[in-house]
Amino acid sequence: MKSAHVPVRTCIGCGEGFPQADLIRIKLSGGKLTICPEGSGLAGRSVYLCAKESCWNKALRKGSIVFKSAKHRRLVLSLDAKEKDHFIFQLKKFVNRYLKTSNA
Ligand SMILES: [Zn+2]
C-alpha cells in the first residue's frame, strides 16, 4: 500500500518512522502520562512508541520520558519504579486493545 498522505511519526525507542495508526501516542497532560487512542484530538505534548516492548524499556531506561517538539521547550518527566511498572502495564493493555501489531 502506497500513500503519500499517511502521517508518519517516530518511535522514541527505536527512532524508526511508522504510520501514526501503528504507534502508541503518549500525551503529557497535567504532569501525567496519558495513552491516547487514535483520533483523540487533545492538544499538548505527545511522543510516540511502537508496539515493541524493547522500545518501551529503552524509552524509560533512565526512569524518565523526554518530550520535545518544535513548538515547546524540551521537558523531561521522571517516573519512579512503581509509576514505570504501571505505565508498562497500560501500554500492554493499549496494544492488546487497539493495535494489531504482534509484540516482537
Ligand atoms: Zn520502536
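Taking other C-beta atoms within 10 angstrom as a stand-in for reagent exposure, I65, I26 fall in the order I65, I26, fewest first.
Annotation for H72 and V8: the two label points, set 7 Å from Cα along the Cα-Cβ direction, are 2.5 nm apart.
Under 20 Å of direct C-alpha separation, and excluding same-chain neighbours fewer than eight residues apart, K32 reaches these lysines: K58, K62, K68, K71, K82, K84, K92, K93.
If r is the Cβ-Cβ distance from K93 to K32 and R0 is 22 Å, what FRET efficiency results, to the nearest 0.05? Between K93 and K32 the formula returns 0.85.
In this simple spin-label approximation, Q20 and A81 carry label points 7 Å from Cα along the Cα→Cβ vector, and these lie 3.8 nm apart. Taking N as the number of residues in the range 8-103, what value does Rg over Cα atoms divided by 2.2 N^0.38 Å take? It is 0.99. Other residues whose C-beta falls under 14 angstrom from the C-beta of K93 contribute a net charge of 0, scoring Lys and Arg +1 and Asp and Glu -1.
Just so you know, all these numbers are worked out from the coordinates, no wet-lab data involved. Only a predicted model underlies this, so the values are computations on that prediction, with no experimental measurement involved. FYI the Cβ positions are ideal-geometry reconstructions off the backbone, even for glycines, and counts take in every protein chain you see.
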